[in-house]
Each structure stands twice: as C-alpha cells, then as structure tokens.
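The values are calculated or read from the model by the stated rules, or taken from the named source; none is laboratory data. If you're wondering where the values come from, they're calculated on a predicted model, not measured in any experiment. Glycine gets a Cβ as well: all are built from the backbone with ideal geometry, and neighbour counts include every protein chain shown. Just the protein is used for accessible areas: all its heavy atoms, side chains included, with ligands, DNA and RNA removed. Shrake-Rupley method; radii C 1.70, N 1.55, O 1.52, S 1.80 Å.
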Amino acid sequence: MSVLIFIDQAEGHVKKASLEAMSYGAKIAELTGTTAEGVVLGATGEDLAALGKYGVKKIHHINAADLTHFDAQVYTQAIAKAVEASGATVVVFPNNADGKAIAPRLSARLKAGLVAGAIALPDTSNGFVVKKSVFSGKAFANIAVNTPVKIIALNPNAYAVKTGEGTAAVSILDAAIDAPKVKVTAVNKVIGEIPLSEAELVVSGGRGLKGPENWGLVEDLAHALHAATACSRPVADAGWRPHHEHVGQTGLAIAPNLYIAIGISGAIQHLAGVNRSKVIVVINKDPEAPFFKAADYGIVGDAFEVVPKITAAVKKLKGI
Ligand SMILES: Cc1cc2nc3c(=O)[nH]c(=O)nc-3n(C[C@H](O)[C@H](O)[C@H](O)COP(=O)(O)OP(=O)(O)OC[C@H]3O[C@@H](n4cnc5c(N)ncnc54)[C@H](O)[C@@H]3O)c2cc1C
C-alpha cells in the first residue's frame, strides 16, 4: 500500500502544482499510515532524491524515449506500471492540463474512482470522502470513493507546499510501454513569455481597453510586475489577443496568487476561470460592474488614467 503522486515536469523541471500534489499526497500517506511515492516520466534535470523534502519516500523514474513528448495514452500506461510497482491504493495528480488528460484514462484503465478538482484532504473517518468544487466554484461536493484504488486530481493552489527533511530513494523502473499511436513532428513554443497556466501574477484586459492598440497598458504593468498577460473571451474572439490568453469557462482556468482585471465586466463565464485566484484586483470605471463583487480590492476609475499610475508606482518601488 502506498500513495503514488504523478510528478509532472516542464522542460525537465518539476511544476509547482506537482510540489503541491506531493505535499498533499504525503499528508494522505501520514493520515492513512502508509508511505508516499512519486513517479517521474522522461528525462529530468531534477535531483530526484532531493524531492524527498516534499514527503515522498521513493521515486519511480521511467525514462523511455517514448516519454520525451507528452502523450496521454503513453503516460497513462507508464503510470499504471508505477501503480503496480508501488502497490498504490491512492494516486494523486495535479489537476493541471497533463493531470486532466491522464487521470480519467488511468481511472478507466484501473477501474478506479476519480475525484477531479479536489480542494481538501480526504476525510477517512467513515470511508474515503473527497471534497471538490463544482459549478465553477459556486458549490462544493463531497464524493465518496469506494473502489480499491482511488484517484485524486488536486486543484492548483488548493494545498500549500510543505517542505521538511529527508531524501527519496530513486528506483529506475524499466517498464515496457506500447509505442505511441501518434508521432510529434514539431513543437512550436511560445517563447519569451511567462506561461499563463503557471503564472503567480496575472494582468488581464477586457473590452474596456477599446482595442489592441491599447494593450501596451496591460503589458507595461505585467512587465513591471513580472506577470503573465491574459484577456477576456471577446478580446481573443476579436483577434486583439491570441486565444491562448483567453481565460474563463471556455478558456484557461487559472489560480494565480494575484489576478488584476482591467476593463473586464466580470461575467460569470469569465469568473469561472479566475475565481480560484488568491487575490483579485478589479479596475473598472463602472461601480456597478459585477466583477467588484468577486474582488478583494477594487478601483473605480478609467483604466487609461489608473493603470499607468500603478505601473509607475510598481516601477518606482522596484527601482526599474
Ligand atoms: C457559453 C459562453 C461561454 C463564455 N466563455 C467565456 C470565457 O471563457 N471567458 C470570458 O471572458 N467570457 C466568456 N464568455 C463571454 C462573457 O459572457 C462576457 O461576454 C465577456 O466575459 C465580457 O468580456 P469583457 O468583460 O471584456 O467585456 P464587456 O462585458 O464589454 O465589459 C467591458 C468592461 O469594461 C469596463 N470599461 C469600459 N471602459 C473602461 C475604461 N476606460 N476603464 C475601465 N473600465 C472600463 C466596462 O464598465 C465593462 O465593465 C462566454 C459567454 C458564453 C455565452
């Protein structure tokens, strides 16, 4: 018995969401009297033994050539092998893009109950019950998982990273994996930008900015803060900004520590993608804009006057 955590990487480095998943999985192991183990797929630039400080006692490393590019089917197979090797009864994923693609496949493969979007530790006082948010964060559901193997996909920012002492034993797992059914022929990366899904700070603009020619306002503030940029859907639909910046129900769901919304009304479909942000700052000239109800801080004012002042203040504070 163990708790197995999928340790997701980007460019050979462990993502923050995986550090949270390890801390979460280690706590479940502690609560259920077992140990936490991790699985890393593909080449890595990490000192795997050092990941022990997040509470994992052992890392299964599968480094087959077919794991170089993310492929949900191949990754699912590899993780299933690690489940077998570790005898895991609980498998934890970060509920990010990779976790969302693999966890349901593993669930079907192992006939294991899955709770996607968990926001708290499981309650094991009477069975195994996991709390998740539903209806875009408007309500909660407590899901009882009754299958022998249980899978949890943990929402980013729902559980704090905890570090301690210790190193993990590293085991190279030589798992036979079927060849991928698809071949990656090219990878086109957006470079020079902070990836939105991983960003701690996000500056976002809406239709209130009137047109793409005014986006310098958003970019200057984002640059000063070292933040990623995002936008509302109509802005992406109009071609003012690329679609990968669109956040909301039909776009990316993000959970940064700070989300600054400039000239965005705060429609429910927009909030669905950003309401897990730790701190929300809204800048809107309409005091009745619905976004103010979801804001931690609100500035009623014209973005064209307010934002340059904030940018100047941030630059002054940072000495840039
Ligand atoms: C099925 C469905 C899915 C959808 N999915 C998404 C989604 O994923 N993401 C998303 O964003 N939307 C989504 N939408 C659209 C959503 O309903 C809203 O229409 C959209 O979010 C509005 O974008 P906006 O706030 O930029 O524009 P608007 O609603 O036009 O709001 C502009 C805001 O800017 C303010 N403003 C104007 N001038 C200034 C100024 N000078 N200074 C400061 N403030 C100013 C205005 O007061 C207003 O509040 C979806 C809709 C549907 C039906």
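Here are the numbers for this structure:
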{"item": "Residue tally, condition modelled with pLDDT under 95 and within 7 Å of the ligand (Cβ to nearest atom), over region 249-267", "result": "3"}
{"item": "One residue from K285, K181 being surrounded by fewer than 24 Cβ atoms within 10 Å (Cβ to Cβ) and near the ligand (Cβ under 9 Å from one of its atoms)", "result": "K285"}
{"item": "Residue count, region 195-217 (criterion: aliphatic (A, V, I, L, M) and either within 18 Å of D8 (Cα to Cα) or free of Cβ contacts under 8 Å to residues at least 12 places away in the same chain (or both))", "result": "2"}
{"item": "Residues being open to solvent by less than 10 Å² (accessible area, probe 1.4 Å) and of a type in the set (S, T, N, Q) - total across region 63-85", "result": "1"}
{"item": "Count - residues of region 143-153 that are buried (at least 22 other Cβ atoms within 10 Å of the Cβ) and either of a type in the set (S, T, N, Q) or within 15 Å of A29 (Cα to Cα) (or both)", "result": "3"}
{"item": "Hits in region 196-236 (condition: more than 22 Å from K309 (Cβ to Cβ), within 11 Å of the ligand (Cβ to nearest atom) and touching a His at 6+ places or on another chain (Cβ under 8 Å))", "result": "S232, R233, V235, A236"}
{"item": "Residue check, H243 within 6 Å of the ligand (Cβ to nearest atom) and either under 10 Å from S204 (Cβ atoms) or open to solvent by 60 Å² or more (accessible area, probe 1.4 Å) (or both)", "result": "no"}
{"item": "The listed residue being in a loop (DSSP other than H, G, I, E, B), closer than 25 Å to D71 by Cα and among the polar types (S, T, N, Q), out of T185, T167", "result": "T185"}
{"item": "Every pair of residues 6+ apart whose Cβ atoms lie under 8 Å, when the first sits in region 291-320 and is in contact (Cβ under 8 Å) with a residue 24 or more places away in the chain while the second is away from the ligand (no atom under 16 Å from the Cβ)", "result": "T311/A224; V314/A224; V314/L225; K315/A224; K318/A224; I320/A224"}
{"item": "Selection from region 254-265 of residues that are farther than 16 Å from V307 by Cα and in contact with a strand residue (DSSP E or B) (Cβ under 7 Å, 6 or more places away or on another chain)", "result": "I254, P256, N257"}
{"item": "Enumeration of residues in region 51-79 that are assigned to a loop (DSSP other than H, G, I, E, B) and either touching a Phe, Trp or Tyr at 6+ places or on another chain (Cβ under 7 Å) or on the phi > 0 side of the Ramachandran plot (or both)", "result": "G55"}
{"item": "Residues that are in a helix (DSSP H, G or I) and more than 22 Å from I172 (Cβ to Cβ), drawn from region 80-101", "result": "A97, G99, K100, A101"}
